[in-house]
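Below is one structure; the comments refer to it alone.
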Amino acid sequence: MIHATIQGVAVPALGFGTFRLPGETCREGVEHALALGYRHIDTAQSYDNEAFVGEAIERSGVARDAIFLVSKVSPRNFAGDLAATTTLESLRKLRTDHVDLMLLHWPNPEEIPLEEPLAALARLQREGAVRHIGVSNFAPSMVEAALGVTPLFCNQVEYHPYLSQTTLIDQARRHDMLLTAYCPIARGKVLDDPVLSDIATRHGKSPAQVTLRWLVQQDHVAAIPKSAHAQRRSDNIDIFDFELDDDEMRAIDALDREERLVDPPGGPDWER
């Protein structure tokens, strides 16, 4: 397993995402992922599956301190002390006394000042319930605004070969932050890409495996693919027995076409 070292903390560069994995599908998926060797697990209040993630971790037999556990505060919980209150509820569901990283899931469309949720999380950080604080789906200027309130560990955003995140990656490196890629295989679109297929053939891998390898080879970058299928979970973690050379990395970089797959109404100005 490759690790990204962020602010002195080693974070597994490949994680397991649980977006749209409900109930028992989530529990079985997380338990299987941990058995395969995943040690970075990502969930969120809005996924409505934190309890199943917690059950899976407890059943897995993997020591809690061996897992980098991430959740996210829903924007509806930003006001006042709600970020703290709901984070403690998340911990109860996750069956743990701390979360390694708590993110603000999206910028709040009601323009609640960032100081409110970030101050609440900072208090929990001082108390030990939250190890690190971060954001998700924040554009560069929003990240800078949040950094003006409290130190940040991570920005989690959509990132795959068809959507360059050079500006956010450069920002993450300047501030020694993690850039975590969700939708890393572009919802399966990479599978039919001729450039990725050619590189995959040379390495005896799949285009999805090449894409994940491209991500985790980048400094300060992690990826959190999710899958409800056991074989795909196994395939996704089987990326540590080969390496892409500089020409291959550049060829994948060149696939950018500014294709954003997650852009909900009321989402931020991405400042591209």
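How many of the residues making up region 21-45 are closer than 20 Å to residue 134 by Cβ and assigned to a loop (DSSP other than H, G, I, E, B)? Walk me through how you get there before you give the answer.
If we filter region 21-45 for residues that are closer than 20 Å to residue 134 by Cβ, which is where we start, we get 38-45.
So of that shortlist, the ones also assigned to a loop (DSSP other than H, G, I, E, B) come out as 38-39, 43-44.
Summing the residues that are closer than 20 Å to residue 134 by Cβ and assigned to a loop (DSSP other than H, G, I, E, B) in region 21-45 gives 4.
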> Which one of these does residue 187 not meet: (1) surrounded by fewer than 20 Cβ atoms within 10 Å (Cβ to Cβ); (2) on the phi < 0 side of the Ramachandran plot; (3) of a type outside the set (Asp, Glu)?
Replying inline: (2)
>> For region 146-164, which positions are within 29 Å of residue 116 (Cβ to Cβ), polar (S, T, N, Q), in contact with a helix residue (DSSP H, G or I) (Cβ under 8 Å, 6 or more places away or on another chain) and crowded, with 17+ Cβ neighbours inside 10 Å?
In response: 155
>> I'd like the full set of residues that are more than 19 Å from the chain's Cα centre (by Cα), in contact (Cβ under 8 Å) with a residue 40 or more places away in the chain and not in a helix (DSSP H, G or I), limited to region 200-239.
In response: none
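Taking region 103-130 as the region of interest, how many residues are free of Cβ contacts under 8 Å to residues at least 60 places away in the same chain and open to solvent by 50 Å² or more (accessible area, probe 1.4 Å)? Explain how you work it out, then say what you get.
Step one: of region 103-130, the residues free of Cβ contacts under 8 Å to residues at least 60 places away in the same chain are 103-104, 108, 110-130.
Those left that are additionally open to solvent by 50 Å² or more (accessible area, probe 1.4 Å): 110-111, 113, 115-116, 119, 123, 125-127.
Of the residues in that region, 10 qualify.
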> Can you tell me how many residues in region 65-80 are more than 19 Å from residue 153 (Cβ to Cβ) and surrounded by fewer than 17 Cβ atoms within 10 Å (Cβ to Cβ)?
Replying inline: 3
>> Tell me whether region 165-184 contains one or more residues that are assigned to a helix (DSSP H, G or I), open to solvent by less than 40 Å² (accessible area, probe 1.4 Å), within 25 Å of residue 44 (Cα to Cα) and among the β-branched types (Val, Ile, Thr).
In response: yes
> Which residue pairs have Cβ atoms under 7 Å apart, sit 6 or more places apart or on different chains, and have a first residue in region 53-66 that is free of Cβ contacts under 8 Å to residues at least 40 places away in the same chain and a second that is of a type in the set (S, T, N, Q) and part of a loop (DSSP other than H, G, I, E, B)?
Replying inline: 64/96
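The values are calculated or read from the model by the stated rules, or taken from the named source; none is laboratory data. Owing to the predicted nature of the structure, the values given are computational and were not obtained by experimental measurement. Counting neighbours? That spans all protein chains shown, and the Cβs are built from the backbone with ideal geometry, glycine included. When the accessible area is computed, the model is the full protein with side chains, heavy atoms only, and any ligands, DNA or RNA have been set aside. Shrake-Rupley method; radii C 1.70, N 1.55, O 1.52, S 1.80 Å.
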